[in-house]
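Below: the structure, in structure tokens.
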Amino acid sequence: MTTANAFATAQATTPLAPMRIRRRDPGPTDIEMDILFCGVCHSDIHQARNEWRNTVYPCVPGHEIVGRVTRVGSAVTAFRSGDLSAVGCMVDSCHTCTSCRAGLEQYCLSFPTFTYNSADRHLGGQTYGGYSSSIVVDQAFVLRVPAGLDLAATAPLLCAGITTYSPLRHWHVGPAHKVGIVGLGGLGHMGVKFARAFGAQVVLFTTSPRKIADGLRLGAHEVVVSSDAAAMEKHRASFDFILDAVSADHDINAFLSLLKLDGTLTLVGAPEHPMPVASFNLILPRRHLAGSAIGGIAETQEMLDFCALHNIVSDIELIPIQRINEAWERMLKQDVRYRFVIDMASLRP
Ligand code: NAP
Ligand code: ZN
């Protein structure tokens, strides 16, 4: 057993503060890594503040991890000490159910072990995430970091990247499609980049007029401020696919009405409260409302390799961990351009 430096919340209402946590020694199939960078996902805030009503404290968030391997178990062949490595939202699953066998570990029928706030099958208690100096993960859940990518800007790909890549791929978004991305935050800005890279006609919907220029720079063909009723009306019943990446309660009916016949609105945002849906917004003209969770391990590797090939990374603000509480407050004010990433050097002595 080793220990690591971490930042944790002791309860829903307290800020993150330093804490020492335990990490297991690597078993035969495990990889131990020093964490170099960890992205800051809005899920970290939802979870740490118990907005999904299932948080176990203390809570060490963080699931956008890029690290360097320090030790490997006796049966590990794909990684060696010194290699770059990455971990996303999951660290284990049952490996045997139909979902796992289909490479959809995120939909494991026994529920995946998430990187934080899941039952820790090795040490007991709950798993602790990437706001920490090191982590130990089974090799089946460790990703390879392709050469040539900026490491800090790669970290957000492990959640924001795959969570937008996977649904755009699943719904076959391509050149024939008009695609909307709702919310220009960590997920949304990756959604814009991927939808553009896949050849779609991309419209970004934002509540923040100050983000219009960035939306265009990131790859949107058009940016619509969603409070502008006339601009919204112009797009009525015209979209093939809309990806909703909003972290707070909002009116999804306004976006459902923008879908054309058989169009799909997929929620990846996970706000605290249920959102009402007007039936007739789905009935006419036969619209679909869907959801999507992160992506499987093989697809996450595919996404990282796609990013290396197409030179796609996240736009980040690099911070020392001592500024994490301030970063969270800024995210809650929709003020992040467009992902905070923690430089874990700030957590080492
Ligand atoms: P984020 O960086 O904080 O971005 C969220 C964006 O939502 C904001 O930048 C803002 O965009 C928009 N927004 C915020 N409050 C709003 C409001 N009251 N009304 C309308 N729009 C608002 O968050 P994130 O890290 O991208 O995460 C987004 C959501 O996805 C979170 O709920 C997170 O938990 C969830 N998530 C889901 C999965 C999954 O597997 N499905 C994975 C990761 C994260 P504008 O300023 O452009 O309006
Ligand atoms: Zn996340």
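Some notes on this structure:
- The chain - percent of accessible surface contributed by carbon and sulfur, probe 1.4 Å: 56
- The stretch between Asp25 and Phe111 holds 28.5 nm of extra length on full extension. This uses 0.36 nm per residue minus the Cα-Cα distance.
- Estimated distance in nm for a label pair at Arg121 and Ala10, the labels positioned 7 Å out from Cα along Cα-to-Cβ: 3.3
- With the helix formula -39500 (n - 2.57) applied to DSSP H stretches of n ≥ 4, the chain reaches a computed 222 nm mean residue ellipticity of -6000 deg cm²/dmol.
- Average Cα contact separation per residue, the range 31-160, under 8 Å, 6 or more apart, as relative contact order %: 34
- Between Tyr57 and Ala17, the modelled labels are 1.0 nm apart [label points 7 Å from Cα along Cα→Cβ].
- Looking at the range 41-129, the chymotrypsin sites (Phe, Trp or Tyr not before Pro) that sit in a DSSP loop and have at most 13 other Cβ atoms within 10 Å of their own Cβ are Trp52.
- Rounded to the nearest 20 debye, dipole of the range 161-291 from Cβ charges on Lys, Arg, Asp, Glu: 380
- Between 0 and 90 degrees, the angle of helix 186-197 with respect to the longest Cα principal axis of the chain falls at about 70 degrees.
- Distance from the alpha carbon centroid of the range 254-292 to that of the range 163-178 works out to 16 angstrom.
- Counting only Cβ charges, +1 for Lys and Arg and -1 for Asp and Glu, the dipole size of the chain around its Cα centre is about 100 debye.
- For the chain, the number of Lys pairs separated by eight or more positions or lying on different chains, with C-alpha atoms closer than 18 Å, is 6.
- Pairs of Cα atoms nearer than 8 Å and 6+ residues apart set the relative contact order; for the chain it is 18 percent.
- Ile135 accessible area, assembled protein chains, probe 1.4 Å, Å²: 10
- Note that the chain presents 41 Å² accessible area per residue, ligands and nucleic acids not counted, probe 1.4 Å.
- Trypsin sites (Lys or Arg not before Pro) within the range 34-105, DSSP loop, no more than 12 other Cβ atoms inside 10 Å: Arg53, Arg80
The values are calculated or read from the model by the stated rules, or taken from the named source; none is laboratory data. Keep in mind the model is a prediction, meaning the values are calculated, not measured. Cβ sites come from the backbone with ideal geometry, for glycine too, and all protein chains shown count toward neighbours. The area values use the complete protein model at the heavy-atom level, side chains included, leaving out ligands, DNA and RNA. Shrake-Rupley method; radii C 1.70, N 1.55, O 1.52, S 1.80 Å.
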